[in-house]
1. So how far apart, in nm, are the two label points at residue 199 and residue 219 if each is 7 Å from Cα heading toward Cβ?
2. Using the per-residue mean of other Cβ atoms lying within 10 Å as a proxy for protection, in what order, highest first, do the peptides 149-159, 116-126 fall?
3. Given the options 306, 33, 226, which has the most mean-square fluctuation in a GNM of the chain, springs set between C-alpha atoms less than 10 angstrom apart?
4. I need the peptides 277-284, 317-324, 263-270 ranked by packing, meaning the mean over residues of other C-beta atoms within 10 angstrom, with the highest value on top.
5. Give or take rounding to whole Å, what are the principal axis extents of the alpha carbon atoms in the stretch 271-310, in descending order?
6. Counting other beta carbons within 10 Å of each residue's own, what order do 34, 199, 330 fall into, fewest first?
7. Specify the residue with the greatest mean-square fluctuation among 167, 245, 110, computed from a Gaussian network of the chain linking alpha-carbon atoms under 10 Å apart.
8. If only Cα atoms are counted, what is the Rg of the stretch 16-111, and what is its Dmax, in Å?
């Protein structure tokens, strides 16, 4: 939303549902356009981040250093009028640096709780796999329960709450693999690759015109939405009509991973839920009035790739998880509506 209350893209709960969906879709597409002012190319990753935002889930962005993972999240934070916090994960980061801790106040002679950076709307967990598993696990409770337990007290996180984490490929030196329990809490895992030649040309041209060193500036991006707008988008997306055949298709995809040749670990029910929620978000993002099978199929790789495990034999042969999942998507029949 704009900072002015009369923005025509605002989501008004008093207008008919069809008009709400149209305005919500316009707002989401305006946000996409604004992000692309700072992020050159990377269309699938930008759409994936917006899908997670609308679906109300956390997102993990993987890629080698220097591709703009942090820039993308900073750009979204710039377009968002709510609270934003960043945690730079390092090997010496402690769990209390994330969640908060109790400190002794000499004046009152009592312990007081100091809340950590997780008490925000958008949390950037930068290079999350640079910290050991003990520190990574500090995010488990708040990602799942939207609350943090400090000194025996359950403190609710602000709403909406979204963790946007970046990680370097685990083959890189100084990285720790994320625990499977934490990976499963990310609704989507997006992979950021090197830009195309024309995109890199545009990127270099824009950056070298700037007085900044080697990054694009996000200060010129407009604030398009606030916390209440994100919640309105999430509510409108969750109400989009979904045919039972499409629901069945999403569940069949997730269940197929549990017995698919070449996979030693399949996706659980949380993947089925994520497929449906992301499909609704993608439908809203494209301006649809209902969910179609292609909405499910379009987000399947990002929903499933971090929830399954490749067999050692295929791993040695050089087969990737995405290749195997692509075969699964081609062989599981989608409904015809």
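None of the figures in this text is laboratory data; all of them are computed from the coordinates on show. All of these numbers come straight from a predicted model, not from anything done at the bench. Cβ coordinates were reconstructed from backbone atoms using ideal geometry, including for glycine residues, and neighbour counts include every protein chain displayed.
1. 2.7
2. Result, highest mean first: 116-126, 149-159.
3. In the Gaussian network model the winner is 33.
4. Put in order of decreasing packing, that is 277-284, 263-270, 317-324.
5. 36, 15, 14
6. The most exposed by this proxy come first: 330, 199, 34.
7. Evaluated over the chain, the most mobile residue of the options is 110.
8. Every Cα atom of the stretch 16-111 included, Rg and Dmax give 18.7, 58 Å.
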